[in-house]
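What follows is a short report on a single structure.
Each value in this text was obtained by applying a stated rule to the coordinates, not by laboratory testing. Fair warning: this is a prediction, and the values are worked out from it, not measured in the lab. Cβ sites come from the backbone with ideal geometry, for glycine too, and all protein chains shown count toward neighbours.
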Amino acid sequence: MTIRLLSIVFFMQATTAFAQSDLSGTWALQNKQHVSGPDYANALPKQITINKQADSLIIESVNMGAEGQDVTSKQAVAINGKSVTGVSPSQRRLIRSIKWTEDKKGLILTTVFYRVGNPTEIDFTRIETLSLSADGKQLNIDKKSEETQSETWQVKGVYARK
């Protein structure tokens, strides 16, 4: 009985692990939808590359910079549920975490940014939900920025695999 129960638990965990979507690949923005708040031209990356490692995701994105030039950024995010602390290019302390959605078909990337010069006061929180379309040909990103000093905004994007 104990062996049977352990076998069932192991099978359920293995099935859940294999049910997780593989978001790996290079994706190009096809469609951007402004949902609420200010509409920022660089709210979503023009291109995003996701590489799944054994214990992390490597996310490389190409965004429009302040003067219209392409700016490439790269981040590693642990997929073990633990938060990672770092510093942004604008010298803001940040804490980043990632978790699977309940259905294991998407990822929720949460980044808390602190005020420049005050690493204990939250400036804004970005919540990005990444998920694949049913056919796996599109990556959907829902990005919300919860602001403490200005207006909260939200944007959605649809990306095609390159």
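Quick notes on this one:
- Neighbour counts of C-beta atoms inside 10 Å place Y159, Y114 in the sequence Y114, Y159, starting with the fewest.
- Dipole orientation for the chain: of the candidates S131, N42, T152, S131 has the Cα lying most toward the positive pole (charges on Cβ; Lys, Arg +1; Asp, Glu -1).
- Förster radius 30 Å - calculated FRET efficiency between E121 and S36, Cβ distance, rounded to 0.05: 0.80
- Amide N proximity, segment 39-60 versus A160 label position 7 Å along Cα-to-Cβ, cut-off under 18 Å: 45-49
- From phi via Karplus (6.51, -1.76, 1.60), per-residue ³J(HN,Hα) for segment 154-161 in Hz, x at Gly/Pro: 8, 9, 10, x, 10, 10, 9, 5
- Per principal axis, descending, Cα span of segment 21-90 in whole Å: 35, 28, 25
- Working note: Debye formula, equal point scatterers on the alpha-carbon atoms of the chain, no solvent; log10 I(q)/I(0) at q = 0.11, 0.12, 0.19 Å⁻¹ is -0.50, -0.59, -1.35.
- For the chain, the dipole from Cβ point charges (+1 on Lys and Arg, -1 on Asp and Glu) about the Cα centre works out to 440 debye, to the nearest 20.
- Residue order, fewest to most beta carbons within 10 Å, for K162, K156: K162, K156
- Converting phi to 3J(HN,Hα) with the Karplus coefficients 6.51, -1.76 and 1.60 and the offset θ = phi - 60°, segment 94-110 yields 9, 10, 10, 9, 9, 8, 6, 5, 4, 7, 6, 9, x, 10, 10, 9, 10 Hz in sequence order, with x at every glycine or proline.
- Karplus-derived 3J(HN,Hα), 6.51/-1.76/1.60, for each residue of segment 141-147, Hz, glycine and proline x: 10, 10, 10, 10, 10, 8, 9
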